[in-house]
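Undergrad: Below is a structure I'd like to ask you about.
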Amino acid sequence: MTKNILVALGLVVVVILGGFYFFFSGSPPLKGPEKLAAPEVKPPAVSEPLEKVAEMPAPAPASTPAAPPTPAPQDSAPPLPAPPRPPGEKPVAKPEPAPAPQETALPPLEPQEGFGLLAGSYRKYEDASNMLEKLKKEGQPGIIRKEKGKYQVWVGPFSSTKEADAAAKALKGKVKISSKVYKMVTPVPK
């Protein structure tokens, strides 16, 4: 009895799944022994005439013996030179190889020591950024560094104290900064 129930449940499941398959696949279920029609295949349209195929010669009668094939003569002459160019045509130049890409100098991976001028110390980053813009307009290098809760604007780095003194003299009347030269460490860019 349980075997019959399981078989009946299996058939119900198959019928339900089959119905869902046909319902969601978009094709109607087949009724009776219908044959599926194959789609018609049309030959491609020819827009240009086909090349003529050379016809094979008719076979010779069997009573006459065939002559042995003669070997084709071999050319032992050297290859011909390239034809001369017309007078108005220029020779084609070979393309030159692309130049090697230039190497970009990367900043050092360790902090660098140098000399600099302290241009100012500000509580707001905006104020420090404005001062740095003034220095950049004057053609001087500079950085902003955060120290003890304040933003310090430094002019530099310079490799020697003479360069730092020259920058202080150049900025003397234009931007109010200290003319004292400090030893500074340039941080590593992140």
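Undergrad: Restricting to segment 140-190, name every residue that is touching a residue at least 60 places away in the same chain (Cβ under 8 Å) and touching a Pro at 6+ places or on another chain (Cβ under 8 Å).
TA: Met184, Val185, Thr186, Pro187, Val188, Pro189 - these are the residues of segment 140-190 that are touching a residue at least 60 places away in the same chain (Cβ under 8 Å) and touching a Pro at 6+ places or on another chain (Cβ under 8 Å).
Undergrad: Residues to consider are Gly149, Gly139; find the one that is of a type in the set (Gly, Ala, Ser), modelled with pLDDT of 85 or more, loosely packed, with under 14 Cβ neighbours inside 10 Å and under 43 Å from the mean Cα position of the chain (by Cα).
TA: Gly139
Undergrad: A follow-up question, please. Quickly run through segment 156-190 and pick out the residues that are surrounded by 14 or more Cβ atoms within 10 Å (Cβ to Cβ) and either assigned to a loop (DSSP other than H, G, I, E, B) or touching a Cys at 6+ places or on another chain (Cβ under 6 Å) (or both).
TA: Val175, Ile177
The values are calculated or read from the model by the stated rules, or taken from the named source; none is laboratory data. Here the structure is a predicted model, which means the values were calculated and not measured. Cβ sites come from the backbone with ideal geometry, for glycine too, and all protein chains shown count toward neighbours.
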